[in-house]
Amino acid sequence: MSSLTTSMAQHLIKSVKVFLRFCRRQDDMEKDDPLWQPLTGAAERSFSAVEDLKSENETRISPKIIAQPTRGLVDEKIYIRVSNLIPNKKFTLRCLLQSEDKDLWHAYGHYISDDIGVVNVAEDVCLGGSYTGKEPNGLIWSLKPVPGSRPALRLRKQNVFIPFLLNISVHNGHINDDFKDACSLALTVMERWYIAPGVSRIEVRENGIHGTLFLPPGPGPVPGILDLWGGGGGLVEYRAALLASHGYASLALEYISTGKKSTSLNNVDLKYFEAALHFLKSHPKVSNEQIGVFGLSFGTSVALNIAANQNRISPKCLVCISGSHSVKIDGSLADVFADIEINTGKSKIDENNHVIWREFNLPRLADPSNKVKVGNIKCPLLLIAGDDDQNWIAVESAKDMENMMKAAGNEHLLTTIIYPKAGHLIEPPYSPHIRFSNYIILGEKQKVVMLWGGQTKEHSFAQEDSWEKILDFLYLHLYSSSSKL
């Protein structure tokens, strides 16, 4: 070993020793932190690993991870490169994340360093782990709860002003799932944000509506989007924050309340959604003629009802994901859910005790009285579904809507994308695929494990590809002045 290499190794050992002394001086509360413990233990094991590397005389300098962007939006692609590794040896790259509920999620990939001791995730083939193949973003979209976690979790952002922290590490050998005794050779951290610098958040409590408005920086006016989530209820903000980061005034609307001060579903009907659209239309930073509606699951049904109702405030375009036109809103949402829940007892239960809803919804398509009159829609509609959706009849509905709109002469407004092996929860790109998760049935207040469907790799592709198409669609119809029907 050269004198320079020896000096660097000694310096690294000294630094690790200092860090360990610092670790041992931390109070008990810090040591109880689930992220602090792995880092402390990893440092101790890394000290041993560094000494081993010194004695083996197999590496000149310590491994280095470059992960970019170090701070970026969640829909940005990532670049990870590890250098200074021993050439042509097995290594495992790992991503570790702690949710706001203190649950740990991780993903890992098996790689072999090249002739100069480099692993480039964007170019190299992953041989095993949470994903396989050449997957630049596999360490994010393949995240799963670590072994021993609470069952049936779903990763969702609550406070958009706090980023997800991705701890990226590299380890000797090919490790499978259990990293308890694994030492890290190098570690770096990436910040993933749902909100860009300059985007403002405004709570909305007026005209009977409840939501959160996100405004991009600048004087405006900018196009507006009404953001509608599904039947799980609550105020979900992260997609609206991300849309605002792309230049849209986005109103995340709560219409199924879950808190103690919840608004009764008896008081929520189409007029509630019209009030939300009117709020957007009249806001001084919103271009009042450029308003779109974005719906997922039951939010799709709401969006279709709004556009087909021929009300005074018609949207400029619709984005509808994993939903159906088989839910017509004639009265209150209480009436709608009462009608749906009549048949929830006919749900299928699979061998894992997961609830499957799609089967009991199929008969709704045979009854014209259940269906929204999509032939009345007069704005462009982007319809997205996965053919392994186990929760809703999204694919069958897409085909029926196409037939209805063809008969009405407005099929030119419809763009349909069906993704093979994608499930129900098609979220912004690189979100972990959730095949099943805990769910509370609204009327019954019963907690079940709902099967959403999808295969991880194909579902993740659907999320990435659909998001690009959604942003292009919104820009064409809300920003482009030359767009014509």
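The values are calculated or read from the model by the stated rules, or taken from the named source; none is laboratory data. Keep in mind it's a predicted model, so treat the numbers as computed, not measured. Note that each Cβ is placed from the backbone with ideal geometry, even for glycine, and that neighbours are counted across all protein chains shown. Note: areas computed on protein heavy atoms with side chains; ligands, DNA, RNA excluded. Shrake-Rupley method; radii C 1.70, N 1.55, O 1.52, S 1.80 Å.
Structural remarks
- One quarter of the surface of the convex hull around the alpha-carbon atoms of the stretch 108-201 equals 8.0 nm², the direction-averaged projected area.
- One equal scatterer on each Cα of the stretch 335-485, no solvent, Debye formula: the resulting log10 I(q)/I(0) at q = 0.11, 0.12, 0.18 Å⁻¹ is -0.51, -0.61, -1.19.
- Over the C-alpha trace of the stretch 234-356, radius of gyration and Dmax come out as 16.0, 54 angstrom.
- Taking only protein heavy atoms and a 1.4 Å probe, the accessible area of the stretch 118-192 is 51% carbon and sulfur.
- Listed pairs 77/328; 77/281; 348/457; 77/144 exceeding 28 Å between Cα atoms: 77/328; 77/281
- Kirkwood-type radius of the stretch 405-485, with distances r between different C-alpha atoms, in Å: 15.2
- In this calculation the C-beta distance from residue 61 to residue 200 is compared with R0 = 41 Å, giving a FRET efficiency of 0.35.
- Probe 1.4 Å, all protein chains present, accessible-area order of 348, 399, largest first: 399, 348
- Rolling a 1.4 Å probe over the protein heavy atoms gives the stretch 273-427 an accessible area of 39 Å² per residue.
- Whether the stretch 364-430 is rounded, prolate or oblate, judged on the alpha carbon gyration tensor where a/c under 1.5 counts as rounded: oblate
- D (Stokes-Einstein, µm²/s), Kirkwood Cα radius, the stretch 140-252, 0.890 mPa s at 25 °C: 145
- Values of log10 I(q)/I(0), in the order q = 0.16, 0.21, 0.22 Å⁻¹, for the stretch 61-142 under a Debye, Cα-only, solvent-free model: -0.61, -0.99, -1.07
- Rolling a 1.4 angstrom probe over the stretch 261-375 with all protein chains present gives an accessible area of which 46% lies on carbon and sulfur atoms.
- Normalised Debye scattering of the stretch 244-300 at q = 0.30 Å⁻¹ gives log10 I(q)/I(0) of -1.33, counting only Cα atoms as equal scatterers and leaving out solvent.
- Spherically averaged projected area of the convex hull of Cα atoms, the stretch 168-212: 6.3 nm².
- Listed cross-link partners 373/399; 90/134; 373/421 are compared with a 20 Å cut-off, the Cα-Cα value being larger for 373/421.
- Pairwise label distance in nanometres, residue 346 with residue 83, each label 7 Å out on the Cα-Cβ vector: 6.3
- Accessible area in square angstrom per residue, the stretch 108-217, 1.4 angstrom probe: 44
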